[in-house]
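Novice: Could you have a look at this structure, given as C-alpha cells, before my questions?
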Ligand code: NAD
Ligand code: IPM
Ligand code: MN
C-alpha cells in the first residue's frame, strides 16, 4: 500500500513524551517504510519565540495529510486559552471535526475506582464544532463592578443533525442503545433542538433504543452504573466533562483515547489522547502513553488499516492485563507495547 502520510503535533508538556511512544508503536505495527511522519513545532515554544499559534500556511499544509496525531497543548507560561483556542480548537473547527469520538472501555485487569463497575464499554459521541466552544459572547463594562460576561452556546440544526446521525449509526453497529445527554430542563432552547433531532433521526433507526438523561444525572450513572451505556451523544461542553469522568472510572485519564473526526472526509481527522499537557508531571517520563497508543489505533482504523488497528489494541490489552501496579517510565510502556507487535 502507499505509505500513510501523517502530520504530527507533539505540542506541550507531556505531549512530546506520549507522542514519541505512539509513533514507536505505529512504526512497530506498520514497519518504518509504510508511514511518513512530519512533525510540526506548534505550541508554547513557538508562541514564545514568534507569537504564532497556528499560521495559515501551516494549517493549509496540515490539510494535506491522511490524518493528524496530536499530543496536547497548553502551558502554564502562556495565558489560558491562547494555545487551546488558537491551535487545538482552531484545528477542530477549520477541519470540521464534528464527531469527537471518545470510547471508554474497562479492559481486563485494569483497576477501576468503582467496587463493582460491571462490563463497561461505551462511546461518547461529543459534538466537536459548536456549543459554547465557538467563542460567541463577550464582555460588557469590563473590569467594572457592572461587568457582564456571556458565552453563547451555538447549536445549529445542521450541526446537531449530523452528529446525532453519526451516533445513531454507531449505536446500530454496537448494542443498539443511544442515550442523549443534555440539560433540557434549563437549557431548553438548545435542548429542544437536540431532542427534536434525536426523535426525528430516530425514525430511521427503529432498531436503536433511545433514552435521555440530564447531564447532572448522567454523572451519577457514570459512577453508579457505567455498564448501562452504549453510545452517548451530547454537546461539546457536556461531552468534555463527561469524558474525563468516563476516563476516571475506566482506569484513568492515561488510558483515554479520542478522535476528532471529520466523518464527511473533507479534511483530515485528528487523533489525540483525551488528557492535556499535564504540566505537573511533564518532562519526567511519568505520563502513561497508553491513551496516545490507543488514539493511534483509532487513527489506523479511520484510515482503513483495520487489521493493524486491531493488533495495536490487542497489544495494549495484553499489556494492560499484565501491568498491575508496576511503575514504568513513559518509554518503557511504549517499548513493552511495541515489543508485542514486533
Ligand atoms: P490534564 O489532563 O493535563 O491533567 C489532569 C491530571 O491528569 C494531572 O494530574 C495530570 O498529571 C494527569 N494526567 C494527564 N495525562 C496523564 C497521563 N498520560 N498519564 C498520567 N497522568 C496524566 O488537565 P489539566 O491539568 O486540566 O490541563 C493542563 C493543560 O492542558 C491546560 O493548559 C489545559 O488547557 C490543557 N489541555 C489540553 C488538552 C488537549 O490538548 N487536548 C486537553 C485537556 C487539557
Ligand atoms: C479536551 C480539552 C479541550 C476541550 C480544551 C483544551 C480546549 O479539554 O480535548 O478535552 O475542552 O475540548
Ligand atoms: Mn477535556
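Novice: In whole Å, how far is the Cα centre of segment 194-236 from that of segment 1-77?
Specialist: Taking the Cα centre of segment 1-77 as reference, the centre of segment 194-236 is 34 Å away.
Novice: So what is the relative contact order for segment 62-206, in percent, with contacts set as C-alpha pairs under 8 Å and at least six apart?
Specialist: Over segment 62-206, the number comes to 16 percent.
Novice: If you don't mind, there's one more thing I want to ask. At 222 nm, what value in deg cm²/dmol follows for the chain if DSSP H runs of at least 4 each add -39500 (n - 2.57) and the sum is divided by all its residues, to the nearest 500?
Specialist: Roughly -12000 deg cm²/dmol at 222 nm, from the helical runs in the chain.
Novice: Build a GNM of the chain with springs between Cα atoms under 10 Å: which of 72, 217, 142 gets the top mean-square fluctuation?
Specialist: Looking only at 72, 217, 142, the largest GNM fluctuation is found for 142.
Novice: Over segment 296-342, with a single point scatterer placed on each C-alpha, what log10 of the ratio I(q)/I(0) does the Debye formula yield at q = 0.18, 0.19, 0.29 1/Å?
Specialist: -0.56, -0.61, -1.04
Novice: Have a look at 249, 163, 186 and tell me which one the Gaussian network model of the chain (Cα, springs below 10 Å) gives the largest fluctuation.
Specialist: Residue with maximal mean-square fluctuation among 249, 163, 186: 186.
Novice: What order, most packed first, do the peptides 94-100, 40-46, 318-324, 173-179 have when packing is the mean number of other Cβ atoms within 10 Å of each residue?
Specialist: Descending packing order for the listed peptides: 94-100, 40-46, 173-179, 318-324.
Novice: Assuming 0.36 nm per residue, please report the length gained on full extension of the stretch residue 220 to residue 199 beyond their Cα-Cα distance.
Specialist: So the chain would gain 5.1 nm between residue 220 and residue 199.
Novice: Between segment 243-296 and segment 125-181, how many Å separate their Cα centres?
Specialist: 20 Å
Novice: Before anything else, pin down the relative contact order of the chain: Cα pairs under 8 Å, at least 6 apart, normalised by residue count, whole percent.
Specialist: Answer for the chain is 26 percent.
Novice: Between residue 241 and residue 342, what is the FRET efficiency for a Förster distance of 35 Å, r being their Cβ-Cβ separation, to the nearest 0.05?
Specialist: On the way: r = 39 Å, r/R0 = 1.12.
Here the calculated transfer efficiency is 0.35.
Novice: Could you quote the convex hull projected area for segment 1-97, Cα atoms only and averaged over all directions, in nm²? Could you put the intermediate results ahead of the total?
Specialist: Working: hull surface 25.7 nm².
If I average the Cα hull's projected area over directions, I get 6.4 nm².
Novice: Can you run the Rg to Rh ratio on the chain? Use alpha carbon positions and the Kirkwood inverse-distance Rh. It would help to have the intermediate numbers written out before the result.
Specialist: On the way: Rg = 19.8 Å, Rh = 20.7 Å.
Computed over Cα atoms, the ratio is 0.96.
Novice: May I ask you to sort 238, 93, 168 by Cβ crowding, counting other Cβ atoms within 10 Å and putting the fewest first?
Specialist: Ascending Cβ contact count within 10 Å gives the list 93, 168, 238.
Novice: To continue, here is another question. For segment 121-149, list residues with backbone N below 16 Å from a point placed 7 Å from the Cα of residue 175 toward its Cβ?
Specialist: 121-125
Novice: Which FRET efficiency value, to the nearest 0.05, do you get for residue 41 and residue 82 by plugging their Cβ-Cβ distance into 1/(1 + (r/R0)^6) with R0 = 22 Å?
Specialist: Rounded to the nearest 0.05, the efficiency is 0.85.
Novice: Taking the convex hull of the Cα atoms, report for segment 263-342 its projected area averaged over all directions, in nm².
Specialist: 6.3 nm²
Novice: Give the percent of DSSP beta bridges with both residues in the chain that are antiparallel, rounded to the nearest 5. Could the numbers behind the result be given before it?
Specialist: On the way: 19 of 46 bridges.
Antiparallel bridges make up about 40 percent of those DSSP assigns within the chain.
Novice: So if each residue of separation counts as 0.36 nm, and I subtract the Cα-Cα distance between residue 2 and residue 329, what length gain in nm does that give?
Specialist: Roughly 114.3 nm would be gained on extension.
Novice: Another question, then. Could the peptides 208-215, 148-155, 308-315 be put in order, highest first, of the mean number of other beta-carbon atoms found within 10 Å of their residues? Walk me through the intermediate numbers first.
Specialist: On the way: 208-215: 17.1, 148-155: 13.8, 308-315: 20.1.
Result, highest mean first: 308-315, 208-215, 148-155.
Novice: Taking the Kirkwood radius as the inverse of the mean 1/r across Cα pairs, report the Rg/Rh of segment 198-342.
Specialist: Using Cα coordinates only, the ratio equals 1.00.
Novice: Treating segment 76-208 as a set of equal point scatterers at the Cα positions, no solvent, please give the Debye-formula log₁₀ I(q)/I(0) at q = 0.11, 0.15, 0.16, 0.18 Å⁻¹.
Specialist: -0.57, -0.93, -1.01, -1.13
Taken together, the values in this text are just the output of simple stated rules run on the coordinates, not laboratory data. Keep in mind that what you see is a predicted model, and the values were worked out from it rather than measured. Cβ sites come from the backbone with ideal geometry, for glycine too, and all protein chains shown count toward neighbours.
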